[in-house]
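Data block below; observations after.
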Amino acid sequence: DTGVSQDPRHKITKRGQNVTFRCDPISEHNRLYWYRQTLGQGPEFLTYFQNEAQLEKSRLLSDRFSAERPKGSFSTLEIQRTEQGDSAMYLCASSPTGQGTYEQYFGPGTRLTVT
Amino acid sequence: AQSVTQPDIHITVSEGASLELRCNYSYGATPYLFWYVQSPGQGLQLLLKYFSGDTLVQGIKGFEAEFKRSQSSFNLRKPSVHWSDAAEYFCAVGVWGGSEKLVFGKGTKLTVNP
């Protein structure tokens, strides 16, 4: 069990550019989540996948954000036309499906800085 | 709406002293509660969880938490703090019936003095 991995760990981009982050969940986990964490705050839910289906999106996820999980394994989160307000830590988490398996396991995060 | 309040933004304790971090939640049903720890620049590590049953739950690294339904609280405790416990601690409530997402508090930063 290698845990949840995220790539890149850090990304610096200029305002207006597009960025894409990748998350590889724990291999047997069906559920995958994206959260955003800004300075001094707890993580905030962005979106959720069960296998390849995106089942819920937060109102925080504007039209500039899109997430995919094409084969039910890894996921990507893309931000188009980045803004300074997008600067945050983007966390991915995964969770197995099944009774009594509610805890989520987090990756190390991708820290985005928009200049 | 579901919410979690961690009243203490920053706590400082001396190494070897006891610790209690407060957490209050608002949720209409039976809550599933979690404590996570985050070291600087890192992701979140699960310390412990409460789903049902015994209201005193044990976690990793010598931490425990007590669920008190009457007070809507889930406070985290440790009898003797180590310097390596310095980190940020987040309480979360699980929102089920759909995404099973977590709603987090704003966190409590713990500083440990030698």
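The values are calculated or read from the model by the stated rules, or taken from the named source; none is laboratory data. The model shown is predicted, which means the values in this text are computed figures rather than measured ones. Glycine also receives a Cβ, built like all others from the backbone with ideal geometry; neighbour counts cover every protein chain displayed.
Kindly provide the set of residues from region A:17-36 that are closer than 20 Å to A:Glu83 by Cα and modelled with pLDDT under 95, ordered by number. So that I can check it myself, show each step before the final result.
To start, the set of residues in region A:17-36 that are closer than 20 Å to A:Glu83 by Cα comprises A:17-22, A:34-36.
Correct list: empty.
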Legend entry - All positions within region B:15-39 that are of a type in the set (Gly, Ala, Ser) and not in a strand (DSSP E or B): B:Gly16, B:Ala17, B:Ser18, B:Gly28, B:Ala29, B:Ser39
Inset, instruction - Would you check if there is a residue in region B:7-14 being surrounded by 12 or more Cβ atoms within 10 Å (Cβ to Cβ) and within 11 Å of chain A (Cβ to nearest Cβ)? - result: no
Inset, instruction - May I ask you to verify whether A:Thr82 is within 17 Å of B:Val103 (Cα to Cα), crowded, with 18+ Cβ neighbours inside 10 Å and touching a strand residue (DSSP E or B) at 6+ places or on another chain (Cβ under 7 Å)? - result: no
Legend entry - Long-range neighbours under 8 Å by Cβ, at least six apart or interchain, first residue among the basic types (Lys, Arg) within region B:13-36, second surrounded by fewer than 14 Cβ atoms within 10 Å (Cβ to Cβ) and at pLDDT 95 or above: B:Arg22/B:Pro7
Inset, instruction - Can you tell me which residue within region A:39-57, out of those that are exposed (fewer than 14 other Cβ atoms within 10 Å of the Cβ) and among the small types (Gly, Ala, Ser), is farthest from the other protein chains (Cβ to nearest Cβ)? - result: A:Ala53
Legend entry - region B:55-114, residues that are of a type in the set (Ser, Thr, Tyr), at pLDDT 95 or above and part of a loop (DSSP other than H, G, I, E, B): B:Ser80
Inset, instruction - Go through (1) in a strand (DSSP E or B); (2) over 11 Å from the mean Cα position of the chain (by Cα); (3) more than 15 Å from B:Leu21 (Cβ to Cβ) and name the single condition B:Lys49 misses. - result: (2)
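Within region B:7-35, which residues are in contact with a helix residue (DSSP H, G or I) (Cβ under 8 Å, 6 or more places away or on another chain) and farther than 22 Å from B:Gly53 by Cα? Break it down into steps so the answer makes sense when it comes.
Taking region B:7-35 as the starting set, the residues that turn out to be in contact with a helix residue (DSSP H, G or I) (Cβ under 8 Å, 6 or more places away or on another chain) are B:15, B:19, B:24.
Across region B:7-35, the qualifying residues are B:Glu15, B:Leu19.
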